[in-house]
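Before any comments, here is the structure.
Only the coordinates and a few stated rules stand behind these numbers; no lab work does. Just so you know, these numbers come straight off a predicted model, no measurement behind them. All Cβ positions, glycine included, derive from the backbone under ideal geometry; neighbour counts span all protein chains shown.
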Amino acid sequence: MTPPIEPAMDPGSGASPERAARDAPAGGSGLLQRGRRASGEPTAARRVWRLPANVDTDALAPTEWMKYSAEVIAQHCLETLRPQFTLEARAGDVIVAGPNFGIGSTREQAAAALVHLGIAAVIAPSFGGLFFRNAFNVGLLALTCRDAEAIEDGQRIEFDLSYGIVRCVADAQGRELKPAPVLACEPIPPFLLDMVRAGGLLPLLKRRLQVAAG
């Protein structure tokens with residue numbers, strides 16, 4: 001299960017996630033928006049890749065490829081569920097799945113493979129606890145969204161983490177959705193967001209050591 005997180009709050013107001021979703025501005029202004037990744041590098045969160053519930057780490061980093069490099073492992077990520085995924089996924093795309101995403105073994109390569117492919121975030125109602133921690137350790141944003149399964153394959157979405165929401169802005173054909181459906185997510189603690197911005201735990205620690213050294 002996903003590690004416990006404090007209830008979602010509208011920044012500075014103490015509002016519920018549902019109120020935050022209602023009050024969010026029409027245009028995203030948070031950490032990760034359409035066309036921009038949490039690290040700040042330009043990307044295009046153009047597409048949602050929908051996956052079922054209970055996707056395990058073996059589907060993300062198949063056992064038979066674990067002895068190879070991260071690049072090779074990434075080439076086989078999700079091949080049993082979405083054979084075209086590694087061929088068609090683009091930097092900034094997102095994965096939206098059912099409950100219990102990332103269950104199974106502790107292999108960090110499961111999250112690292114998604115980072116290698118440029119996946120900007122994974123959104124699911126719940127995560128395997130070890131995957132959730134490993135994701136942030138390698139700089140992958142994992143968003144817990146109770147209503148994630150309402151998002152459809154191929155839709156275009158944007159995030160506004162200042163309000164803790166996901167906004168569905170276009171359908172699979174690229175047609176703008178008006179009004180754009182808005183889904184509430186659980187908030188991400190600031191120290192985990194720092195990891196995503198830095199590209200993972202080790203880059204974050206390195207940066208802090210450099211700052212401390214003057």
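Summary table
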read-out	value
Distance-filtered residues of segment 116-156 - backbone nitrogen under 15 Å, label point 7 angstrom along A172 Cα→Cβ	150-156
Whole-number Å³ per residue for the convex hull built on Cα positions in segment 157-214	112 Å³
Inter-site label distance for Y68 and L205 at 7 Å from Cα along Cβ, in nm	3.0 nm
Footprinting exposure proxy for Y163, Y68 (fewest neighbouring C-beta atoms within 10 Å first)	Y68, Y163
Footprinting exposure proxy for F132, F191 (fewest neighbouring C-beta atoms within 10 Å first)	F191, F132
Neighbour net charge for F136 - beta-carbon separation under 13 angstrom, K R +1, D E -1	0
Which of V196, L209, M66, positive extreme of dipole for segment 17-212 (C-beta unit charges)	L209
With 5 Å bins from 0: P(r) over segment 17-212, alpha-carbon pairs, percent	1, 8, 17, 22, 22, 15, 9, 4, 2, 0
Potential extension, D56-T80 segment - 0.36 nm per residue separation minus Cα distance	7.5 nm
